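Report on the following structure.
The numbers here are math on the coordinates, done by the rules we state, and not lab data. The structure presented is a predicted model; accordingly, all values stated were derived computationally and were not measured.
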Amino acid sequence: MDTYGPSIYAHEKLLAALESLATGPGDVRERLLAAYQTFHPLTQSHFPPHLRKDFGWVLNQLKKREPIYDYKGRLDRGSVEETLRHIKNATGAKIATRIYRLYHALDADIRRKPAPSNPPPQTDGRKRKSRKRTPRSPAVGRER
């Protein structure tokens, strides 16, 4: 299975998450929520096998609590938001650090792989004769 495409997608999403973590307003818990909102479409299949455990750890840490529903059964707070309301700042910093390390590990992995090359154009198997171009002589008596 080619993991180059999914890894590039994960790389882009984690980069956006890092920007939220580094420059977003609020404490680490608020910034983690903003970061999660950028990378929530990712699954472990977007990562190379050796990084899936780390990504799974991040998701498990962010989803420890169950979502909260109102009396009508409508979602009031999702599991990530509820979890972040209850964790300590130090725990949030550990999660942010793991996201940071995960991004850089994925970045290093992508840089080691050659970019997919374009396949050579299909030919019909015949050799083409090269045409030599001869310089054009100026037209005599022709005005432009």
Review point. How far, in nm, would the chain grow between LYS63 and GLN44 when pulled straight, counting 0.36 nm per residue and subtracting the alpha carbon separation?
Key: 5.3 nm
Practice item. Amide H neighbours of ASP76 under 5 Å, at least 5 residues apart or on other chains, H built in the peptide plane: list them. Key: ILE68, TYR69, ASP70
